[in-house]
Amino acid sequence: MRRIILFTGKGGVGKTTISAATAAFLSELGKKVLVVSVDPAHSLSDVLERELSPEPLKIDKNLYAQEIDVYFSVEKFWGKLKDYLKSLLRWQGVDNIVADELAILPGMEEVCAFLWINKHYEEGEYEVIVVDSAPTGETLRFLSLPDAASWWITKILPLQRKVMRFIRPAAKMVSDMPLPEEETYDALEDLFRQVYNLYHLLQNPEISSIRLVTNPEKMVLRETEKAYTYLHLFGFNVDALFLNRVPKEDSPFYEYQRTYVERILKTFEPTPVFLIPHFEREILGLENLKEFGRAIYREKDPSLVFYKDKPFEILERDGKCYLRLYLKDIPEEMPDIVRKEDDLIIKIRNFKKHFFLPRSLINKVIEGAKIKGQILEIVFSS
């Protein structure tokens, strides 16, 4: 089965290097791989030490790379809709250059960049597509877009299109305002069809894995916990975490960062965590990336699904919310549950697990908790 592996994380944690190393190692295993960067920072070419283009470029046997150009992508996927919006803005008296900028709606650059992934998957050219994604916040905004827009697309757009068919001839007789033609609606429906296709591809744990890259630092860890919660909440499978730049025991930072390493291992259990030691040198160029990939995965095949069970779920019934957490080797006695703002801390003897509470639970009160096998169920009420 063809696979999509998407790496995301806070800016600067090393996700581009790990994405490129994963793709390079997979190509050594004989798989035809495309590594594609949708991160506007454009650092994939620096890591590979090769000039890349908006279209896939062959780097080595079995290995291809693409660095998304947002302007090229917007013209490819948003072109017809952009033309209509430009004509409407010019009719309102907006300068042509300004209209050209305003015709790209907020978030369209990110959407059009991600649509390349859907295109490559549908064409079936590559066995594995490795995605060097944008920083966590931008990735979450894109992944939540179809849910946010579904009501408008399924209810309002078809109705508006039907109404426009009746009023367009009469409206053209009394006004020269540009009106959306049938091809404009076709382009919009096709755009959202592709967005929904990609959305469901990324939600399929057999096809897609999202992998979070983090560092043993307080601010980075906090964002990783938040991303982990929301990705699972939206139905996306996080099958592994990559803890990058772990200090060695002889490092002066070892004792300070060891606390964060231990917290990460406990917080994200049972999701696998790959510990990547801090390298003294930059990982640049294809051969170094292959070596780095071997060091990360060792005997493991990066295209495998490392984990696909739900680490938690949130249910609502009878006016109450139930947070059900899967805990490995949970004892029979009730653990201590401590609430600290949007952080839920579960203490079991020497074990301490942190869980970032989503917005739906932040303003609710913990009413009680109980253990069912390896499931800890916590009840929240208003």
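The values are calculated or read from the model by the stated rules, or taken from the named source; none is laboratory data. Since this is a predicted model, take the numbers as computed values, not measurements. Note that each Cβ is placed from the backbone with ideal geometry, even for glycine, and that neighbours are counted across all protein chains shown. Each accessible area value is taken on the protein alone, full model and side chains, heavy atoms only, with ligands, DNA and RNA left out. Shrake-Rupley method; radii C 1.70, N 1.55, O 1.52, S 1.80 Å.
Things to note:
- Residue within region 82-90 that is at pLDDT 95 or above and open to solvent by less than 20 Å² (accessible area, probe 1.4 Å) present: no
- Going through (1) open to solvent by 50 Å² or more (accessible area, probe 1.4 Å); (2) of a type in the set (Gly, Ala, Ser); (3) at pLDDT below 75 one by one, Gly79 falls short only on (1).
- Residue in region 99-106 that is at pLDDT 65 or above and of a type outside the set (Val, Ile, Thr) present: yes
- Among residues of region 358-382 being of a type in the set (Val, Ile, Thr) and over 27 Å from Thr259 (Cβ atoms), the one that is modelled with the highest pLDDT is Val379.
- Scanning region 21-60 for residues that are closer than 18 Å to Arg3 by Cβ and in contact with a helix residue (DSSP H, G or I) (Cβ under 7 Å, 6 or more places away or on another chain) yields Ala21, Thr22, Ala24, Phe25, Glu28, Val33, Leu34, Val35, Val36, Ser37, Val38.
- Screening Glu316 on (1) within 26 Å of Asn215 (Cβ to Cβ); (2) open to solvent by 90 Å² or more (accessible area, probe 1.4 Å) shows it passes everything except condition (1).
- Subset of region 2-49 that is of a type outside the set (D, E, K, R) and at positive phi - its residue that is farthest from the chain's Cα centre (by Cα): Gly30
- Any hit, region 25-33, residues being touching a Leu at 6+ places or on another chain (Cβ under 9 Å), in the same structural domain as Asn215 (by the TED database) and either of a type in the set (Val, Ile, Thr) or assigned to a loop (DSSP other than H, G, I, E, B) (or both): yes
- Of the set (1) among the aliphatic types (A, V, I, L, M); (2) in a loop (DSSP other than H, G, I, E, B); (3) surrounded by fewer than 17 Cβ atoms within 10 Å (Cβ to Cβ), all apply to Ile283 but (3).
- Taking region 259-271 as the range and being open to solvent by 40 Å² or more (accessible area, probe 1.4 Å) and either closer than 13 Å to Tyr228 by Cα or free of Cβ contacts under 8 Å to residues at least 40 places away in the same chain (or both) as the test, the residues that pass are Thr259, Glu262, Leu265, Glu269.
- Taken over region 339-357, the criterion of being surrounded by fewer than 16 Cβ atoms within 10 Å (Cβ to Cβ) and at pLDDT below 85 is satisfied by Lys340, Glu341, Asp343, Lys347, Arg349, Asn350, Phe351.
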